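Structure first, commentary second.
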Amino acid sequence: MDWRARFPDVSERDWRDWRWQHRNALRTAEDLGRVVALTDGERAGLAHALGRTRVAVTPYYASLMDPVHGSCPIRMQSIPLAGEAAEAPGDLRDPVGEETHRPARAIVHKYRDRVLFLAVDRCSVYCRHCTRRRITFGADAGFDRDAIDEGLAYVRAHREVRDVIVSGGDPLVLSDERLDALLGGLRAIPHVQLLRVATRAPVTCPMRLTPALAALLRRHAPLFVVTHFNHPVEVTPDARAACEALVDHGVPVENQSVLLRGVNSSARLLIDLNERLLACRVRPYYLHQGDLAEGTAHLRTPLEAGVAILEQMRGRTSGLAIPHLAVDLPGGGGKVTLSPDYVLGPGEEGAPGHWLRSWRGARHFYPEPPEADCTCPHEAVYYAREPAEPPAGEGDA
Ligand SMILES: *Cc1c(COP(=O)(O)O)cnc(C)c1O
Ligand code: SF4
């Protein structure tokens, strides 16, 4: 449905202005009740959220809602449900163990070479499944300039960090100026090779992706934008234009979906989503198993459901459309990936090799090669010629 039918008093100019979208976010049952017929579950969820968690939906994202059916994927992702009040066994305030890997307020450092840089605690839409809801729902202190400076100092002091994921919250709620200052600060650190900006703006507020912002991000290359589409209905012409603006400016875009029960827990929907994303030149990266964040149990799937979905995708769409199914281990162990097991078992006596099954279910034999030693003899020679330090400052501004 065209947004004009839902928001008849809004000018085109205001609608296209991301700051207007933020200022006019729908936050209350009264606001949302003007756009959709709220269900009892949504009313109860909104009442429970009052004073506990942030609720905000940009008019743009709200314009994608099904006004009649509460099962709408946009509604389920952005309007709290009564299920948020339920406590499920295993729920955690810090579901993936970030607090014990937080050497500075803005930094989560779990892997040797990569850090998360939490730049802000706000978002344009508060996803009901957010893994970092302890931060984005307003319970933690926000990130001020001191926290950002401390984070920059940490990265500067840690030469092993070569990949920085700027996240939050949604860093694209920051102004171009503040974002440029942060990215420039990171780019000025010689050992930082790769930047990623994790944002849901292409999905929830595509008007944020102006040509000026795309050009700004390109200046800090190599920089990947990692976004978060969950359902094909989110791939609108506006969202497509936002992603293409980035890619056209030379900024690669990757997508991370969260597997959500009753929202996108279907191979058909995920194939459709990822084919549409590829058509926008966005590459599916991770499909995240739901983390054990408090108040999200009603949206989680059993582990087998995700593996079964991957199995249904393999062979039926482009390999490029198939993401990795990632489980971020409770307790801070980091991410691991799950996939269907295609190995049936070893070959018979006298025929070394393995029986595998195809995506269609047929048995196929893969024999062992004559030699099993896989060392690369030239490797030592190749690295003996390399400089001892990684080439620094390649992407310096
Ligand atoms: C997910 C994550 C990363 C990045 O992991 P990749 O597998 O490289 O995408 C880095 N740090 C933390 C703390 C993370 O949760
Ligand atoms: S945009 Fe990301 S950080 Fe913000 S609420 Fe959604 S999932 Fe959480």
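No value in this document is a laboratory result; all are computed from the given coordinates. No experiment lies behind these values; they were computed from the predicted model shown. Heads up, the Cβs are rebuilt from the backbone with ideal geometry, glycines too, and the neighbour counts pull from every protein chain shown.
Quote the relative contact order of the range 60-183 in percent (integer), defining contacts as alpha-carbon pairs under 8 Å separated by 6+ residues. Don't skip to the answer; put the middle values down first.
Working: 146 pairs, mean separation 32.6, N = 124.
Here the relative contact order equals 26 percent.
Restricting the count to DSSP beta bridges whose residues both fall in the chain, what percent are antiparallel, rounded to a multiple of 5?
On the way: 17 of 43 bridges.
Counting DSSP beta bridges with both partners in the chain, the antiparallel share is about 40 percent.
Report, in debye and to the nearest 20, how large the dipole of the range 3-85 comes out about its Cα centre when Lys and Arg carry +1 and Asp and Glu carry -1 on their Cβ. Could you put the intermediate results ahead of the total?
Working: 12 positive and 10 negative charges, 49 e Å.
Using only the charged Cβ atoms, the result is roughly 240 debye.
Give me the three principal axis extents of the range 3-85 from the C-alpha atoms, as integers in angstrom, largest value leading.
Its Cα atoms span 39, 26, 19 Å along the three principal axes.
Kindly point out which whole DSSP H helices in the chain project their C-alpha atoms 15 angstrom or further along the helix axis while averaging a Kyte-Doolittle hydropathy of -1.0 or above.
Details: long enough: 145-157 (18 Å, -0.25); 176-187 (16 Å, -0.28); 237-248 (16 Å, 0.09); 267-279 (18 Å, 0.58); 303-313 (16 Å, 0.99).
Counting only whole DSSP H runs, the qualifying helices are 145-157, 176-187, 237-248, 267-279, 303-313.
Counting other C-beta atoms within 10 Å, which of LEU303, LEU182 has the fewest, and how do the rest follow?
On the way: LEU303 13, LEU182 24.
Placing the least packed residue first, the sequence is LEU303, LEU182.
Quick one: compute the contact order of the range 1-132, relative version, from alpha carbon pairs under 8 angstrom and 6+ residues apart, as a percent. Don't skip to the answer; put the middle values down first.
Details: 142 pairs, mean separation 31.3, N = 132.
Taking the mean separation of contacting Cα pairs over the length of the range 1-132, I get 24 percent.
To the nearest whole percent, what portion of all C-alpha pairs in the chain is separated by more than 28 angstrom?
On the way: 40895 of 78606 pairs.
In whole percent, the long-distance tail amounts to 52.
If r is the Cβ-Cβ distance from ASP176 to LEU92 and R0 is 45 Å, what FRET efficiency results, to the nearest 0.05?
Values: r = 36 Å, r/R0 = 0.79.
According to the calculation, E is roughly 0.80.
Please name which of SER11, MET65, ALA82 has its Cα lying farthest along the dipole of the range 3-85 towards the positive end, using unit charges on Cβ (Lys, Arg +1; Asp, Glu -1) and the Cα centre as origin.
SER11
Only Cα pairs under 8 Å and at least 6 apart count here; give the relative contact order of the range 255-387 as a rounded whole percent.
Working: 180 pairs, mean separation 24.8, N = 133.
Relative contact order here is 19 percent.
Across 10 Å bins from 0, what is the distribution of all Cα-Cα pair distances for the range 130-263, in whole percents?
Once binned at 10 Å, the Cα pair distances of the range 130-263 give 11, 41, 35, 12, 1.
According to the Kirkwood expression over distinct Cα-Cα pairs, how big is the hydrodynamic radius of the range 207-295, in Å?
The answer is 13.7 Å.
Quote to one decimal, in nm, the extra length available between TYR366 and GLU30 on full extension: 0.36 nm per residue of separation minus the C-alpha distance between them. Each step should come with its number before you reach the end.
Numbers: separation 336, 0.36 × 336 = 120.96 nm, distance 6.24 nm.
Full extension from TYR366 to GLU30 adds 114.7 nm.
Return the Cα extents of the range 341-384 along principal axes one, two and three, sorted largest first, each rounded to a whole Å.
On the principal axes, the range 341-384 reaches 46, 27, 12 Å in Cα extent.
Mean residue ellipticity at 222 nm from the helices of the chain, using -39,500 (n - 2.57) per DSSP H segment of n ≥ 4 over the full residue count, to the nearest 500 deg cm²/dmol? All intermediate terms of the calculation are to be shown ahead of the outcome.
Numbers: 16 runs with 124 residues, N = 397.
Computed mean residue ellipticity for the chain: -8000 deg cm²/dmol.
Taking amide H positions as placed 1.01 Å from N in the peptide plane, with prolines and chain starts having none, which residues 5 or more places from HIS354, or on another chain, fall under 5 Å of its amide H?
GLY347, TYR366, GLU368
Counting only Cα atoms, I'd like the Rg/Rh figure for the range 301-379, Kirkwood definition for Rh.
On the way: Rg = 16.8 Å, Rh = 15.6 Å.
Radius of gyration relative to Kirkwood radius: 1.08.
For the range 69-112, which GluC sites (Glu not before Pro) pass both filters: DSSP loop (anything but H, G, I, E, B) and at most 12 other C-beta atoms within 10 Å?
Values: sites: GLU84, GLU87, GLU98, GLU99; in loops: GLU87, GLU98.
Here the GluC sites (Glu not before Pro) that fit, given the DSSP loop and packing criteria, are GLU87.
Set the Förster radius R0 to 25 Å, insert the Cβ-Cβ distance between ARG156 and TYR383 as r into 1/(1 + (r/R0)^6), and round the FRET efficiency to 0.05.
Numbers: r = 27 Å, r/R0 = 1.08.
The computed FRET efficiency comes out at 0.40.
From the residues HIS109, PRO367, ALA380, which one has its Cα farthest along the dipole of the chain in the positive direction, the dipole being from +1 and -1 charges on Cβ of Lys/Arg and Asp/Glu about the Cα centre?
Selected residue: HIS109.
Taking the Cα centre as origin and putting +1 on Lys and Arg beta-carbons and -1 on Asp and Glu beta-carbons, what dipole magnitude results for the chain, to the nearest 20 debye? Don't skip to the end; give the middle numbers.
Numbers: 48 positive and 52 negative charges, 179 e Å.
Around 860 debye, computed over the chain.
Picking from CYS374, CYS72, CYS280, which is most flexible by a Gaussian network model of the chain using Cα springs under 10 Å?
So, out of CYS374, CYS72, CYS280, the one fluctuating most is CYS374.
Please give the length that would be gained between GLU99 and THR210 if that part of the chain were fully extended, namely 0.36 nm times their separation in residues minus their C-alpha to C-alpha distance (nm, one decimal).
Numbers: separation 111, 0.36 × 111 = 39.96 nm, distance 3.45 nm.
Computed gain between GLU99 and THR210 is 36.5 nm.
What is the calculated FRET efficiency for CYS376 to HIS354, with r their C-beta to C-beta distance and R₀ = 22 Å, to the nearest 0.05? Could the numbers behind the result be given before it?
Values: r = 23 Å, r/R0 = 1.06.
E(calc), rounded to 0.05, equals 0.40.
Whose amide H sits under 5 Å from the amide H of LEU329, counting only residues 5 or more places off or on another chain, with H placed in the peptide plane?
Those lying under 5 Å, H to H, from LEU329 are GLY334, LYS335, VAL336.
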